[in-house]
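The values are calculated or read from the model by the stated rules, or taken from the named source; none is laboratory data. Remember, it's a predicted structure, so these values are computed and weren't measured experimentally. Quick reminder, even Gly has a Cβ in these numbers, built from the backbone with ideal geometry, and neighbours come from all protein chains shown. What goes into the accessible areas is simple: the full protein's heavy atoms, side chains included, and nothing from ligands, DNA or RNA. Shrake-Rupley method; radii C 1.70, N 1.55, O 1.52, S 1.80 Å.
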Amino acid sequence: MLSTGLTAIALLDKDGRELAHAGSFAQKSALSVPLGLPGRVHLIWDGQLLLHAVVDMKQAGLVVGQAITETALPVTTGALKDASLLGETGELVLCAPFGLNMQCFPTTLNPGIFTLAKRSPQGVPLPMTHALEGATGFITAHDYRKQEVVAAYAPVGALGLGMVLKMDSAELYAPVGRQLRYLIPLLAGVLVIALLSLRWLVTPLVVRLVRSEAEAQEMSASLRDSERHERALLDNVDEGIVSISDGGLIELFNPAAERMFGYRSEEVVGKNVSMLMPEPYQSEHDGYLGRYLQTGQAKTIGIGREVAGRRSDGGVFPLDLRISEFFLGGRRQFIGIMRDITERQRAREEILRLNTSLEERVQQRTAQLEFANKQLEAFSYSVSHDLRSPLSAINGFSNLLDTTMANTVGDPLTERSRHYLARIRAGASQMGELIDALLSLAQVSRISLRWEPVDLSALADALLSSYQEREPGRVTRLDVEAGLLVQGDPRLLRQVLDNLLGNAWKFSAGQSCTEITFGHEISSSGETVYFVRDNGVGFDMAYAEKLFGAFERLHSQFEFAGTGIGLATVQRIVVRHGGRVWGESALGRGATFNFTLAELC
């Protein structure tokens, strides 16, 4: 329990956001009954009786927040439990109306929440029914256990609750029965003793009823005092809180504010709030407060507007400040909630400094990349013109030598000489192909992407058809999944499929039936993965890291022709499309190449 007598309190703003909180609220009440008190007040049961209240905090007639409180009622809870002191069947019952029924709090005879009908099946009202209808009295009747009882009943003030104190007739009159059996000649005396005994038993009932009425009044008083308790609980929050009178004088200065400004509470209470502000801000804040006092127009400085505070040593520091109006005991006041944001401001300045440094580094890096691109363009030009010329000369002069010697009488060239010339021409041709592949690889990195819808299925069908036309005699089983649409550059994506499907066609040439499949699947993470699968010679996964390197080959030139640039080109294109590519295989069991592409909305 808090020092204020409450078990819990919370302050909320108008949007329901929590501003301050202390204590612990009931987590799951078994029963909640609204009471006939101003505001929203409930009597709840959570192992004990608690008073739960919600009070609106108003500003200029508008609700600007709420205060929520809970107060334990140990006296009333104890009264419910102490009823067993009257006897084995003694019971104090507290109930509330619930339509045609009534809901009752736990008792000594019934430890759980229970619901009763107001009347018996014969239409006879229970003692509690009289109490809920506002009546007070004594009655001999049958209770909810169908036992005859002697009961005293009464309403609990104007709270909408009823209370009954009762005992079984058999237990109540047992002393009288024993006296009748043994003292029949003294019947008159026994009657007197019985009346005295009855009075003795009923006296505690009356005391309990009076005490219950006092408890109800205590509930009402506790609710009226809750706003004053809230002020004391403000000391438990981390934010600095300063309460200001409508004249601008400080009335409350919580411990967090003391730590923030370096003043003790007694040094600032009763003084003008301007002492907490540096000179440039004093007139501005005085203007806010003065305009409200004159016009009633509220001005709130919310989090996001940074102001400055002045410490006792004269140091100025940044803070977030929110000022709003509230009423306490019918008197208008202002409350300022503030947070020191010195560290946040330092972090922001550091971020700005790093951003400036990053921009400079980006500019330098951009200049370096532009220079590198120009160097690459110059290299490409050199490859296109300077390297091709010697290759063309070698190839041309080799053909001319072969033709000249063939036309010479006696043809002096031997078969070995012709073989050497053929090797020279083949080497020159292969070098030309390598130069073309290298230029293509460089171009992939520089070309601007043209994003548009691309039908991968249609591209794959067209490429496989062209391969089939070049080798009409090959037995094939080709499977292309229809409807594979993506966003990307159609020229580059065609180059990806041409390399992957071309490799599948090339490396499965030795099979009795070439099998190639192009399709897609969804990974466990929800990613779309496209694949090209074949039944060719495959490769050893131990060398998989070499697959996508330029001029890297897992098979010799004599086994399968090629430049060693194709898969490197595929990887660059796929990466430029925001994806990745990888291969899976086993020697003699075919290969599968997978790739992903960025999914653009």
How many residues, within segment 488-526, are of a type in the set (S, T, N, Q), surrounded by fewer than 16 Cβ atoms within 10 Å (Cβ to Cβ) and out of contact with any strand residue (DSSP E or B) (no Cβ under 6 Å at 6 or more places or on another chain)?
3
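Per-residue answers, yes or no, for (1) out of contact with any Pro (no Cβ under 9 Å at 6 or more places or on another chain); (2) free of Cβ contacts under 8 Å to residues at least 60 places away in the same chain:
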site: LEU485; (1), (2): no, yes
site: GLY488; (1), (2): no, no
site: GLY502; (1), (2): yes, no
site: THR517; (1), (2): yes, yes
site: GLU521; (1), (2): yes, yes
site: PHE531; (1), (2): yes, no
site: PHE539; (1), (2): yes, yes
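Hey, could you check segment 286-345 for residues that are among the polar types (S, T, N, Q), surrounded by fewer than 15 Cβ atoms within 10 Å (Cβ to Cβ) and more than 20 Å from PRO255 (Cβ to Cβ) and say which is modelled with the highest pLDDT? Walk me through how you get there before you give the answer.
Start the filter on segment 286-345 by keeping residues that are among the polar types (S, T, N, Q), which leaves 294-295, 297, 300, 312, 324, 333, 342, 345.
Keeping just the survivors that are surrounded by fewer than 15 Cβ atoms within 10 Å (Cβ to Cβ) gives 294-295, 297, 300, 312, 342, 345.
Next, from what is left, pick out any that are more than 20 Å from PRO255 (Cβ to Cβ): 294-295, 297, 300, 345.
Working: GLN294: 50, THR295: 49, GLN297: 47, THR300: 47, GLN345: 86.
Going through the qualifying residues, I end up with GLN345.
Here's the yes/no breakdown for (1) of a type outside the set (D, E, K, R); (2) open to solvent by less than 60 Å² (accessible area, probe 1.4 Å); (3) part of a strand (DSSP E or B):
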residue	(1), (2), (3)
ILE68	yes, yes, yes
ALA79	yes, yes, no
ALA96	yes, yes, yes
MET102	yes, yes, yes
THR108	yes, yes, no
ARG145	no, no, no
ALA154	yes, yes, yes
LYS166	no, yes, yes
ALA170	yes, no, no
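Does PRO127 satisfy the condition of being closer than 17 Å to ALA30 by Cα, of a type outside the set (S, T, N, Q) and either loosely packed, with under 13 Cβ neighbours inside 10 Å or in contact with a strand residue (DSSP E or B) (Cβ under 8 Å, 6 or more places away or on another chain) (or both)?
On the way: closer than 17 Å to ALA30 by Cα: no; of a type outside the set (S, T, N, Q): yes; either loosely packed, with under 13 Cβ neighbours inside 10 Å or in contact with a strand residue (DSSP E or B) (Cβ under 8 Å, 6 or more places away or on another chain) (or both): yes.
When the stated conditions are applied, PRO127 does not pass them.
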Number of the exception - ASP13 against (1) within 32 Å of the chain's Cα centre (by Cα); (2) more than 18 Å from LEU161 (Cβ to Cβ); (3) among the acidic types (Asp, Glu); (4) open to solvent by 40 Å² or more (accessible area, probe 1.4 Å)
(4)
Verdict on ARG494 being within 15 Å of ARG533 (Cβ to Cβ) and among the basic types (Lys, Arg)
no
Given (1) open to solvent by 10 Å² or more (accessible area, probe 1.4 Å); (2) outside any loop (DSSP other than H, G, I, E, B); (3) modelled with pLDDT of 85 or more; (4) closer than 30 Å to MET167 by Cβ, where does LEU85 come up short, assuming only one miss?
(3)
Under 6 Å between Cβ atoms, at least 6 apart or on separate chains: pull out the pairs that start in segment 139-167 with a residue that is of a type in the set (D, E, K, R) and end on any residue that is not in a strand (DSSP E or B).
GLU148/SER169
Considering only segment 467-483, state which residues are open to solvent by 40 Å² or more (accessible area, probe 1.4 Å), under 16 Å from LEU500 (Cα atoms) and either free of Cβ contacts under 8 Å to residues at least 24 places away in the same chain or in a helix (DSSP H, G or I) (or both).
GLN468
I need every pair where a residue in segment 247-259 that is more than 15 Å from ARG331 (Cα to Cα) has its Cβ under 6 Å from the Cβ of a residue that is open to solvent by less than 50 Å² (accessible area, probe 1.4 Å) and among the hydrophobic types (A, V, I, L, M, F, W, C), sequence separation at least 6 or different chains.
PHE253/VAL242; PHE253/VAL268; ASN254/LEU234; ASN254/ILE241; ALA257/VAL242
Just one of the numbered conditions (1) over 30 Å from the mean Cα position of the chain (by Cα); (2) among the hydrophobic types (A, V, I, L, M, F, W, C); (3) open to solvent by 50 Å² or more (accessible area, probe 1.4 Å) is not true of LEU73; which one?
(3)
With respect to LYS58, determine if the residue is in contact (Cβ under 8 Å) with a residue 40 or more places away in the chain and either among the basic types (Lys, Arg) or surrounded by fewer than 13 Cβ atoms within 10 Å (Cβ to Cβ) (or both).
yes
